[in-house]
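The block underneath contains the structure these notes are about, expressed in structure tokens.
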């Protein structure tokens, strides 16, 4: 009977321990429930429902660097961006680099832009998702 009580007491503790997740500083983690985006975890310790919630990707908030070519490869842009408000980006965080690169390709299509104008245009496009372009440079293809 004592073994049963010990197991009955240990089972909830084991389930609680399985649900603990630690998100390192300067990162966020997406959580999916049954394959769909559920929420974004900020840095620190969090509990998720084991077996129901699954950890998605850990995403850096800073130091994103992308190199993008225009449609005709005549112009290329190199830029750095940060994730300022990850909760606004939501499920896009799982593919944030691809999404930002597509926005940059569209902005780069306007061939008359200077680096500052391109940076301003990119910030206009990605700002609503909680992202900020911090540096941009243009290169001839």
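What follows is calculated from the coordinates using simple rules that are stated; it is not laboratory data. In this text, all values refer to a predicted model and were calculated from it rather than measured experimentally. For neighbour counting, all protein chains shown are included, and Cβ atoms are generated from backbone atoms with ideal geometry for every residue, glycine included.
Assorted remarks:
- Converting the Cα gyration tensor eigenvalues of segment 17-118 into ellipsoid dimensions via √(5λ) gives semi-axes, longest first, of 34, 13, 9 Å.
- P(r), alpha carbons of segment 2-60 - 5 Å bins starting at zero, rounded %: 4, 19, 23, 18, 13, 8, 7, 5, 2, 0
- Of 63, 73, 123, the residue with the greatest mean-square motion in the GNM of the chain, using alpha carbon springs below 10 Å, is 73.
- Förster-model FRET efficiency, 25 Å R0, residue 95 and residue 16, C-beta, rounded to 0.05: 0.20
- Computed on the chain, with alpha-carbon pairs under 8 angstrom and 6+ residues apart, the relative contact order is 22 percent.
- Size estimate for segment 82-141 follows the Kirkwood approach: the inverse of mean 1/r over distinct Cα pairs works out to 11.9 Å.
- Between helix 96-108 and the chain: long-axis angle, C-alpha atoms, 0 to 90°, nearest 10: 10
- FRET efficiency for residue 36 and residue 60, using Cβ-Cβ distance with R0 set to 35 Å, rounded to 0.05: 0.90
- Rounded FRET efficiency, nearest 0.05, which uses the C-beta distance separating residue 139 from residue 85 and R0 of 35 Å: 0.70
- The ranking of 133, 23 from fewest to most other beta carbons within 10 Å of each one's beta carbon is 23, 133.
- Net lengthening on full extension, residue 76/residue 6 (0.36 nm per residue, minus Cα-Cα): 18.8 nm
- 0 to 90° range, to nearest 10: angle between helix 115-126 axis and the chain longest Cα axis: 40
- Cβ-based exposure ranking for 84, 59, in which fewest neighbours within 10 Å come first: 84, 59
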